Every structure is written in C-alpha cells, then in structure tokens.
Amino acid sequence: MKLASTRLIAGDIKAMVAFYEMVTGVQAQWLAPVFAEIETPAATLAIGSVETVALWKEGSAEPGANRTACLEFQVEDIDVEYERLKNKVPLLHALKMMPWGNKTFQFRDPEGTAVLLYMPATDEAKKRFASR
C-alpha cells in the first residue's frame, strides 16, 4: 500500500491553491474547476472545493475544521525557507530545534491547517532520513 496523497477541503479553493503554490514553489495541476493537485517528489497534496464533498457524502468533510493533522514538508535549507516565508504566513512558531533532531517552523494555511517545514539537522536525524 502506498500513501498517494493528502486532500484538503477548501471553502476558497483558489486561495488555498495559491497559498500552497507559494509555499512549495510548485504549480498546481487543475484537474477540474473544483479540484487541483500539487505534486511533490514524495506525495501529492490534493485540494478539493467544498462542492466536492457532495460527491462522497454530504457533510462528510468540512473546510476550516482541522485541528488534528499537520502537513509536513521536508526542505533542503530550513533557514532559507524561513527567511522566504516568515512574513508571508501566519507563524505558529519561529525556527527551533525539536528533540528528535529536526530544525523546523510552523504556520497555518488560509483555512487553519497546521503546516510545518523541517530539515533533519542532527547526525541522527540525517541518518534516519537518508534511507527514505
């Protein structure tokens, strides 16, 4: 089994897609006016408008209601990314070292989902990610 993508449901899909294009530097592929994907080397971030929920089951997902998941993006140089984004995103915390060896900062997307950019910083963390 392979985790193929994570999908966010957006009340304002254009704002969400533009936000993630800015964060990732990747242009979205619009597969329909209500659905876009941002493909990264490891996985795809899918963004569907609130109208797509009715294709599953009405009320089964709700934009702006997430407080349990955090999208994590591994980057080559966390200091460069922090300088690029710190004045463009609502920060939850500035750059800091985590106990497991990653240097990271965290912010929220336009609809409240937590987003974290990180870089393995210690030798142990670098070893852990070398095989992935």
Output the residues belonging to segment 36-65 that are in a loop (DSSP other than H, G, I, E, B), open to solvent by less than 40 Å² (accessible area, probe 1.4 Å) and either among the acidic types (Asp, Glu) or closer than 14 Å to residue 116 by Cβ (or both).
-> none
How many residues are open to solvent by less than 20 Å² (accessible area, probe 1.4 Å) and either charged (D, E, K, R) or over 15 Å from the mean Cα position of the chain (by Cα) (or both) when one looks only at segment 7-35?
-> 0
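Here is a yes/no grid of residues against (1) more than 17 Å from the chain's Cα centre (by Cα); (2) within 22 Å of residue 3 (Cβ to Cβ); (3) free of Cβ contacts under 8 Å to residues at least 40 places away in the same chain:
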| residue | (1), (2), (3) |
| --- | --- |
| 38 | no, yes, yes |
| 69 | no, yes, no |
| 97 | yes, no, yes |
| 113 | no, yes, no |
| 126 | yes, no, yes |
How many of the residues making up segment 105-129 are in a strand (DSSP E or B), under 19 Å from residue 67 (Cα atoms) and in contact with a helix residue (DSSP H, G or I) (Cβ under 9 Å, 6 or more places away or on another chain)?
-> 4
Which of the residues spanning segment 66-112 are touching a Gly at 6+ places or on another chain (Cβ under 6 Å) and open to solvent by 30 Å² or more (accessible area, probe 1.4 Å)?
-> 111
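The values are calculated or read from the model by the stated rules, or taken from the named source; none is laboratory data. No experiment lies behind these values; they were computed from the predicted model shown. Virtual Cβ from ideal backbone geometry, glycine too; neighbours counted across all protein chains shown. When the accessible area is computed, the model is the full protein with side chains, heavy atoms only, and any ligands, DNA or RNA have been set aside. Shrake-Rupley method; radii C 1.70, N 1.55, O 1.52, S 1.80 Å.
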